[in-house]
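The values are calculated or read from the model by the stated rules, or taken from the named source; none is laboratory data. This structure is a prediction, so every number in the text was calculated from the model and none was measured. Cβ coordinates were reconstructed from backbone atoms using ideal geometry, including for glycine residues, and neighbour counts include every protein chain displayed.
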Amino acid sequence: MIDKVIGFIGTGIMGKPMARNLLKAGYSLIVHDINPDPVAELVGEGAQEAASAKNVAEQSDIVITMLPDSPDVEDVVLGPDGVLDGARDGLILIDMSSINPLVAQKVAQKVSEKGVGMLDCPVSGGEPGAVSGTLAIMVGGEPALYESCTELLLVMGKSAVHVGPIGAGNFTKLANQIIVAINIEAVGEALVLAQKANLNPEKVFDAIKGGLAGSAVLNAKAPMVMERNFQPGFKIKLHQKDLNNALMTAKDLDVPLPVTGIVQQFLSTLVADGHGEDDHGSIMRVIEKLANVEIAK
């Protein structure tokens, strides 16, 4: 796999460190993004720059996309000067964006008509996981194609689990995002209660993190909020997008998601208040505002 040329489109908060890990592992990398700054950084570290998504596909054996939302993936892959315009038979497309599963299936159908194989591989772990190469990768697609790309995926993640056919990766990511969002909201309620009771939330965190209430979300987000650190590892506006996709998919499948709907309203409130670029730990700030208290050390 190391002899394959990898194209990487989308070098934002997550994409840039993921691409950097591929460079460190010795892969030949061709990069493209509408923002020239991260591309210039990666070129300075040994990558090559491409002028368009089409140009990336023309020079690559495997193209990885890491983009904000479903319309971005459709545009970059299927639009003018997109991946499909430059694709040749046998190209592999690995979309690591978090998008609507039905869009992943639509894109896969379109690219298969040109002999391109596709995996949908959304990730969990935020910027810290992208930097350290410890992302959890959820893979949808043909088993044989998954097997052929596992080595590459494990450069960027600590796990790459095949969960089903194309679209299954993003269905799994929606389940992940529901759990994360509701967990953050629950942590917020608990720490606001502790603060209102005149307890030290740091001591409460230390007391409960080793028990059944302990979680990766609690360990990652409680210290950030207590330090009033809302620098984004994963942005509020992106989590809002993911829960929108979850609720739309649930509607199509006749699945009630009542608590997800409530937390989605919290996310929408934060976006309306100008916090869309903040870390999704900011969900706790809605509870703080309702209780007129701030969680702090």
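Data table
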read-out	value
Test: residue in segment 262-269 that is under 18 Å from the mean Cα position of the chain (by Cα), at pLDDT 95 or above and part of a helix (DSSP H, G or I)	yes
Scope segment 177-192; condition under 10 Å from Ile287 (Cα atoms) and without any contact (Cβ under 8 Å) to a residue 60 or more places away in the chain; matching residues	Ala186, Ala190
Residue list for segment 52-97, filter: hydroxyl-bearing (Ser, Thr, Tyr), within 20 Å of Gln240 (Cβ to Cβ) and in contact with a strand residue (DSSP E or B) (Cβ under 8 Å, 6 or more places away or on another chain)	Ser97
The one condition in (1) in contact with an Asp or Glu (Cβ under 8 Å, 6 or more places away or on another chain); (2) surrounded by fewer than 17 Cβ atoms within 10 Å (Cβ to Cβ) that Gly167 fails to fulfil	(2)
Within segment 59-71, tally of residues that are surrounded by 18 or more Cβ atoms within 10 Å (Cβ to Cβ) and either at pLDDT 95 or above or hydrophobic (A, V, I, L, M, F, W, C) (or both)	7
Condition met for Asp75 (surrounded by fewer than 20 Cβ atoms within 10 Å (Cβ to Cβ), of a type in the set (Asp, Glu) and over 14 Å from Met118 (Cα atoms))	yes
One residue from Leu247, Leu212, Leu257 being out of contact with any strand residue (DSSP E or B) (no Cβ under 7 Å at 6 or more places or on another chain), under 14 Å from Glu185 (Cβ atoms) and not assigned by TED's automatic domain parsing to the domain that holds Met14	Leu257
The one condition in (1) over 22 Å from the mean Cα position of the chain (by Cα); (2) closer than 24 Å to Tyr146 by Cβ; (3) assigned to a helix (DSSP H, G or I) that Val43 fails to fulfil	(2)
The one condition in (1) in contact with a strand residue (DSSP E or B) (Cβ under 7 Å, 6 or more places away or on another chain); (2) surrounded by 19 or more Cβ atoms within 10 Å (Cβ to Cβ) that Met18 fails to fulfil	(1)
Hits in segment 205-234 (condition: surrounded by fewer than 18 Cβ atoms within 10 Å (Cβ to Cβ) and at pLDDT below 95)	Ala216, Gln231
Number of positions in segment 181-218 that are in a helix (DSSP H, G or I), among the basic types (Lys, Arg) and within 30 Å of Lys237 (Cβ to Cβ)	1
Extreme residue, nearest to Leu102 (Cα to Cα), among residues of segment 125-141 that are touching a Ser or Thr at 6+ places or on another chain (Cβ under 9 Å) and small (Gly, Ala, Ser)	Gly140
Residue that is farthest from Phe8 (Cα to Cα) [pool: residues in segment 112-149 that are in contact with a helix residue (DSSP H, G or I) (Cβ under 6 Å, 6 or more places away or on another chain) and assigned to a helix (DSSP H, G or I)]	Val131
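Every residue, every condition in (1) among the hydroxyl-bearing types (Ser, Thr, Tyr); (2) surrounded by fewer than 20 Cβ atoms within 10 Å (Cβ to Cβ); (3) at pLDDT 95 or above, yes or no:
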{"position": "Ala144", "(1), (2), (3)": "no, yes, yes"}
{"position": "Cys149", "(1), (2), (3)": "no, no, yes"}
{"position": "Leu152", "(1), (2), (3)": "no, no, yes"}
{"position": "Ile182", "(1), (2), (3)": "no, yes, yes"}
{"position": "Lys203", "(1), (2), (3)": "no, yes, yes"}
{"position": "Ile236", "(1), (2), (3)": "no, no, yes"}
{"position": "Asp252", "(1), (2), (3)": "no, yes, no"}
